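Report on one structure; see the data block that follows.
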Amino acid sequence: VQLQASGGGLVQAGGSLRLSCAASGRTFSNYAVGWFRQAPEKERDFVAAINWSGGRTYYADSVKGRFTISRDNTKNTVYLQMNSLKPEDTAVYYCAADEYYSSTRYSQDSYGYWGQGTQVTVSS
């Protein structure tokens, strides 16, 4: 499966952005999807994950209550709605997919397919 992330941009603190991860190549509804982010000179961190149906989601503590992951399998797209953005949310955001909604869904190693990143910059 090929993944294409989009929707990044520059926003002021307290603002919102919605990222999209569009998939092609295989039956996307069979795949779990995760979002990760990487700030300059930092490790890539887990943000959120969703199972194949959208019925199960999982969030990093740092974004819980502010970010919402969802999917529309008819459009082969997963979304990350980001509200109440903070400067520390500034990073390149990546989406990833795998056939399994792993118990270690917070780990990069649980995903076999990755998209290119989209830059999110939150100004103070």
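General remarks:
- Residue ID - surrounded by the fewest Cβ atoms within 10 Å (Cβ to Cβ), chosen from residues in region 45-76 that are in contact with a helix residue (DSSP H, G or I) (Cβ under 8 Å, 6 or more places away or on another chain) and over 23 Å from residue 12 (Cα atoms): 53
- Near pairs, Cβ below 8 angstrom, 6+ apart or cross-chain, from region 1-12 (open to solvent by less than 100 Å² (accessible area, probe 1.4 Å) and at pLDDT below 95) to any residue that is in a loop (DSSP other than H, G, I, E, B) and of a type outside the set (Val, Ile, Thr): 1/25; 1/26; 1/31
- For region 53-64, a residue qualifies if it is in contact (Cβ under 8 Å) with a residue 12 or more places away in the chain and more than 14 Å from the chain's Cα centre (by Cα), and the qualifying residues are 53, 56.
- Remark: pairs (first residue in region 88-108, under 18 Å from residue 23 (Cα atoms) and open to solvent by 40 Å² or more (accessible area, probe 1.4 Å); second residue in a loop (DSSP other than H, G, I, E, B) and hydroxyl-bearing (Ser, Thr, Tyr); Cβ separation under 8 Å; 6+ apart in sequence or on different chains) = 99/31.
- Consider region 21-39 and keep the residues that are among the hydroxyl-bearing types (Ser, Thr, Tyr) and surrounded by fewer than 17 Cβ atoms within 10 Å (Cβ to Cβ). The one that is farthest from residue 102 (Cα to Cα) is 24.
The values are calculated or read from the model by the stated rules, or taken from the named source; none is laboratory data. Predicted, not measured: the structure shown is a model, and the values here were computed from it. Every residue, glycine among them, receives a Cβ derived from its backbone with ideal geometry; neighbour counts consider all protein chains shown. These area figures cover heavy atoms from the full protein model, side chains too; ligands, DNA and RNA do not enter into them. Shrake-Rupley method; radii C 1.70, N 1.55, O 1.52, S 1.80 Å.
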